[in-house]
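What follows is a short report on a single structure.
Please treat every number below as a calculation from the coordinates, not as lab data. Keep in mind that this is a model prediction, so the values were computed, not measured. Quick reminder, even Gly has a Cβ in these numbers, built from the backbone with ideal geometry, and neighbours come from all protein chains shown.
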Amino acid sequence: MAWTWRYHEADGAQMRVEELPAESFTSRGDAESWLGENWAELAEGGVGNVALLEEDREVYTMPLAAE
């Protein structure tokens, strides 16, 4: 199974993947670890929210705002 991230602007509009990393992971843990290491750079690039996908199924969404 492939785990990927889908990127959204703060207003919820989906962002074009060509402008962002299109990583694919073999496990949920690897995908979440990658996001933990890269979320600040994604947020600086305009990503407001991300959705974790298992194949085509959305598992969850979360904001990238720094607390």
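What the table below lists for this structure:
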read-out	value
Inter-probe distance in nm under a simple model that places probes 7 Å from Cα toward Cβ, at GLU37 and ALA65	2.8
Pair ALA2, GLU58: separation of 7 Å Cα→Cβ label points (nm)	1.9
C-alpha long axis of helix 28-44 to longest principal axis of the chain, angle in °	20
Normalised per residue, the volume of the convex hull around the Cα set of the chain (Å³)	83
Contact order relative to length of the chain, as percent, for alpha carbon pairs under 8 angstrom and 6 or more apart	40
Charged-residue dipole, Cβ positions (Lys, Arg, Asp, Glu), the chain about Cα centre, Debye nearest 20	140
